[in-house]
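As structure tokens, the structure follows; a few thoughts come after it.
The values are calculated or read from the model by the stated rules, or taken from the named source; none is laboratory data. Please read these numbers as outputs of a predicted model, since none were measured by experiment. Heads up, the Cβs are rebuilt from the backbone with ideal geometry, glycines too, and the neighbour counts pull from every protein chain shown.
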Amino acid sequence: MEYIIEVFLDEYRLNKLKGTPVESQIDAVFGGELKVVRVKVGEEVKGEVLKAFETARIDSRACITDTPVAFKRAVFDEIAKQKSLNEDVVKAVLARINEIKDLAAKESEFLPAPEIETD
């Protein structure tokens with residue numbers, strides 16, 4: 001089975017992909033309001049991502065979601081570097097997983113979970 005990692009694109013990211021083979025694979029979602037690229041991965045890579053991040057999960061579209069921003073940023077950087085959306089992009093990111101986990105840990109320090117009052 002194939003799984004998908006979606007990477008949303010802002011103007012900066014769109015510009016970095018202009019003129020690359022990836023540009024033709026950019027999709028518009030939410031009525032054209034957002035642009036996204038999708039990296040397809042197999043069972044093994046999906047397992048590695050889920051193992052690396054306890055928040056990660058698979059949604060009903062077979063998308064790997066709830067990964068840290070640091071992971072998504074690294075995936076985009078690798079897409080721009082390789083000019084590709086193949087599974088090797090995610091494999092290259094997973095090769096640096098400890099560094100990305102450290103960045104992700106810092107993220108959660110900056111974005112504390114909201115406190116919920118229970119009465």
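Residues of the range 34-75 being of a type in the set (D, E, K, R) and within 18 Å of PHE8 (Cβ to Cβ), which ones?
Of everything in the range 34-75, those that are of a type in the set (D, E, K, R) and within 18 Å of PHE8 (Cβ to Cβ) turn out to be LYS35, ARG38, LYS40, ARG57, ASP59, ARG61, ASP66, LYS72, ARG73.
What is the one condition in (1) surrounded by 15 or more Cβ atoms within 10 Å (Cβ to Cβ); (2) of a type in the set (D, E, K, R); (3) outside any helix (DSSP H, G or I) that ARG61 does not satisfy?
Every condition holds for ARG61 apart from (1).
Confirm whether ILE5 is over 18 Å from GLU107 (Cβ atoms) and aliphatic (A, V, I, L, M).
no
Please work out which residue is surrounded by the fewest Cβ atoms within 10 Å (Cβ to Cβ), limiting yourself to the range 20-49 and to residues that are out of contact with any strand residue (DSSP E or B) (no Cβ under 7 Å at 6 or more places or on another chain), farther than 16 Å from GLU78 by Cα and modelled with pLDDT of 95 or more.
Among them, the one singled out is SER24.
If a residue has to be part of a helix (DSSP H, G or I), closer than 23 Å to GLU99 by Cβ and within 16 Å of the chain's Cα centre (by Cα) to count, how many in the range 13-57 make the cut? Give the derivation first.
If we filter the range 13-57 for residues that are part of a helix (DSSP H, G or I), which is where we start, we get 13-17, 21-25, 43-52.
Among the residues that remain, those that are also closer than 23 Å to GLU99 by Cβ are: 13, 16, 44-52.
Remaining after also requiring within 16 Å of the chain's Cα centre (by Cα): 13, 45-52.
Count: 9.
Of all residues in the range 64-76, how many are charged (D, E, K, R) and in a loop (DSSP other than H, G, I, E, B)?
Residues meeting the conditions: 1.
Taking the range 72-100, which residues are under 21 Å from GLU54 (Cα atoms), loosely packed, with under 15 Cβ neighbours inside 10 Å and touching a residue at least 24 places away in the same chain (Cβ under 8 Å)?
The one that is under 21 Å from GLU54 (Cα atoms), loosely packed, with under 15 Cβ neighbours inside 10 Å and touching a residue at least 24 places away in the same chain (Cβ under 8 Å): LYS91.
Do we have ILE58 as over 16 Å from LYS46 (Cβ atoms), β-branched (Val, Ile, Thr) and touching a Phe, Trp or Tyr at 6+ places or on another chain (Cβ under 9 Å) here?
No; evaluated as a whole, the condition is false for this residue.
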